[in-house]
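The values are calculated or read from the model by the stated rules, or taken from the named source; none is laboratory data. As the structure is a computational prediction, the values presented were derived from the model and not from experiment. A quick note on method: Cβ atoms are made from the backbone with ideal geometry, for glycine too, and the neighbour counts reach across all protein chains shown.
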Amino acid sequence: MLARSVNVVLVSWDISDMHVSAFLDAVRKANPSAGSVVYGRGVNAEDAVTWMKAGVIDVILDPEGAARVKEAIGRAFAHSASLSAEKSAAGASKVYDSPFIYRSRAIEDLMVRVRKVAPVKATVLLTGESGTGKDLLSRQIHALSGRSGPYLALNCAAIPETLLENELFGHERGAFTGAERMAEGRFEAARGGTLLLDEIGEIPPGTQVKLLRALEEEQVTRLGGTKPVPTDVRLIAATNSDLAARVRNGSFRKDLFYRLKVVELYIPPLRARKQDIPLLAVSFVRDAAERHGLPVPTVDPEVLSILSGYSWPGNVRQLRNLMESLVIMSGTTISPDDIPDEISGSSAKGSEVLKIELPRSLDEIEEMVIERTLALAGGNRTRAAEMLGIGRRTLQRKLGGD
């Protein structure tokens, strides 16, 4: 098999005398574009994280679930085809390893869109709640872009209004008191690379005009200068606010909004992709232990169950900070008693068990699940769609388009 080109490799964890990690490493070296899927009932979260960091597409804990296996194989084929296309387009260049650890369909769909938009210079607007990983996704886009310049990021909300234009466009010598030498702004400093403007909705109206001109003309004029300077930068804007609402109330320019929104990538909140939580939690434990020079504690399976039941208003950032705290404060094992009461006490809230008497048609089961999820979401269709892991339009269609 290693001498042939293959698209998908299914690996059973249950085979005796089978060293899965070594086998996967051999597959990756012989067939770097192959999509690997590991299955087995005894797989633990630690092993799953190790394999997924090594490039495994999915880890199936219930191999008897035909639909789950079929979905995983489909994702593996899509991943293989995507990598093959990237290698053909980039020649012998290295295929970038994703820093994302996930097994949810929502993030897989997102990554498919990322791989499509990364190689082109189109402006990207990243949306989603605070803490979902917009900076990480922006870095991923840059890494996949093939651009040789630097990746720079600027939080627009953290810069005073009087200094923001200077940060973006730079200044000439003598432009203001204390400007003893010329200084480049971020647009120039990121030449040949990528510039992330985080919290883009916080840019004041006057600066919005100049930002739009810089994007349209691909040149900037430094403060105190008269000569435009050409730029070559791929812009990514990010926000956790509703820019469309800001356009409606007049605080954000409509023309700039549409200029930024050439491609919009929405990062779903952590509560909408609960299957990612155990993998992320274990990964954060390992990262924190390594960063602080501490032994890696064992994570009790009940802890992962508690974490998966929590709503995570602070999203991935909140989960990462919690796991870092647990690594520091816990002993050799992170147990349920180590979990803060506000998390362990509310993990059962916002969830519900649905019992279905069989036989039932798939359409009937889907209708029951949607109806119960809508009730759980208080009738909020956007929230229900997030909980179901589908788009709001898809939910609208399933409800009859009303």
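Candidates are the residues of the stretch 165-194 that are out of contact with any helix residue (DSSP H, G or I) (no Cβ under 9 Å at 6 or more places or on another chain) and of a type in the set (Lys, Arg); the one that is surrounded by the most Cβ atoms within 10 Å (Cβ to Cβ) is Arg191. Ala272: over 24 Å from Ala143 (Cβ atoms), touching a helix residue (DSSP H, G or I) at 6+ places or on another chain (Cβ under 6 Å) and modelled with pLDDT under 95, yes or no? The answer is yes for Ala272. Residues of the stretch 279-314 that are among the hydrophobic types (A, V, I, L, M, F, W, C), in contact (Cβ under 8 Å) with a residue 40 or more places away in the chain and closer than 21 Å to Leu136 by Cα: Leu279, Leu280, Ala281, Val282, Phe284, Val285, Ala288, Trp312.
Residue-wise test of (1) under 30 Å from Gln208 (Cα atoms); (2) among the basic types (Lys, Arg).
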site	(1), (2)
Lys254	yes, yes
Tyr258	yes, no
Pro269	yes, no
Gln275	no, no
Arg286	no, yes
Ala289	no, no
Thr298	no, no
Tyr310	no, no
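Checking each residue in the stretch 24-50 for being of a type in the set (Gly, Ala, Ser), at pLDDT below 75 and part of a loop (DSSP other than H, G, I, E, B) picks out Ser33, Gly42. Residues Ile365, Ile370, Ile390, Ile356: which one is assigned to a helix (DSSP H, G or I) and touching a helix residue (DSSP H, G or I) at 6+ places or on another chain (Cβ under 9 Å)? Among Ile365, Ile370, Ile390, Ile356, only Ile370 is assigned to a helix (DSSP H, G or I) and touching a helix residue (DSSP H, G or I) at 6+ places or on another chain (Cβ under 9 Å). Of all residues in the stretch 321-355, exactly one satisfies the criterion of being at pLDDT below 85, loosely packed, with under 10 Cβ neighbours inside 10 Å and of a type in the set (A, V, I, L, M, F, W, C), namely Val353. Here Ser251 meets the list (1) outside any loop (DSSP other than H, G, I, E, B); (2) over 23 Å from Gly146 (Cβ atoms) almost entirely, failing just condition (1). Of the residues making up the stretch 197-204, one or more are assigned to a strand (DSSP E or B), assigned by TED's automatic domain parsing to the domain that holds Leu215 and of a type outside the set (D, E, K, R).
Looking at this structure, is Glu161 surrounded by 14 or more Cβ atoms within 10 Å (Cβ to Cβ) and under 31 Å from the mean Cα position of the chain (by Cα)? Judged against the criteria, Glu161 is not a match. Scanning the stretch 177-185 for any residue that is of a type in the set (A, V, I, L, M, F, W, C) and at pLDDT 90 or above turns up nothing. For the stretch 226-248, a residue qualifies if it is in contact (Cβ under 8 Å) with a residue 24 or more places away in the chain, not in a loop (DSSP other than H, G, I, E, B) and not polar (S, T, N, Q), and the qualifying residues are Val229, Val233, Arg234, Leu235, Ile236, Ala237, Ala238, Leu243, Arg246.
Inclusion of Arg115 among residues that are over 28 Å from Ala245 (Cα atoms), touching a Gly at 6+ places or on another chain (Cβ under 8 Å) and basic (Lys, Arg) is not warranted. Filtering the stretch 284-320 to residues that are hydroxyl-bearing (Ser, Thr, Tyr) and crowded, with 21+ Cβ neighbours inside 10 Å leaves only Tyr310. For beta carbons closer than 8 Å, sequence separation of 6+ or different chains, a first residue in the stretch 315-333 that is closer than 29 Å to Asn240 by Cα and a second that is of a type in the set (D, E, K, R) and part of a loop (DSSP other than H, G, I, E, B), the qualifying pairs are Asn315/Glu129. Might you let me know whether the stretch 125-132 holds any residue that is hydrophobic (A, V, I, L, M, F, W, C) and surrounded by fewer than 18 Cβ atoms within 10 Å (Cβ to Cβ)? Within the stretch 125-132, none of the residues are hydrophobic (A, V, I, L, M, F, W, C) and surrounded by fewer than 18 Cβ atoms within 10 Å (Cβ to Cβ). Restricting attention to the stretch 126-165, the residues that are among the acidic types (Asp, Glu) and either under 16 Å from Asn240 (Cα atoms) or assigned to a strand (DSSP E or B) (or both) total 2.
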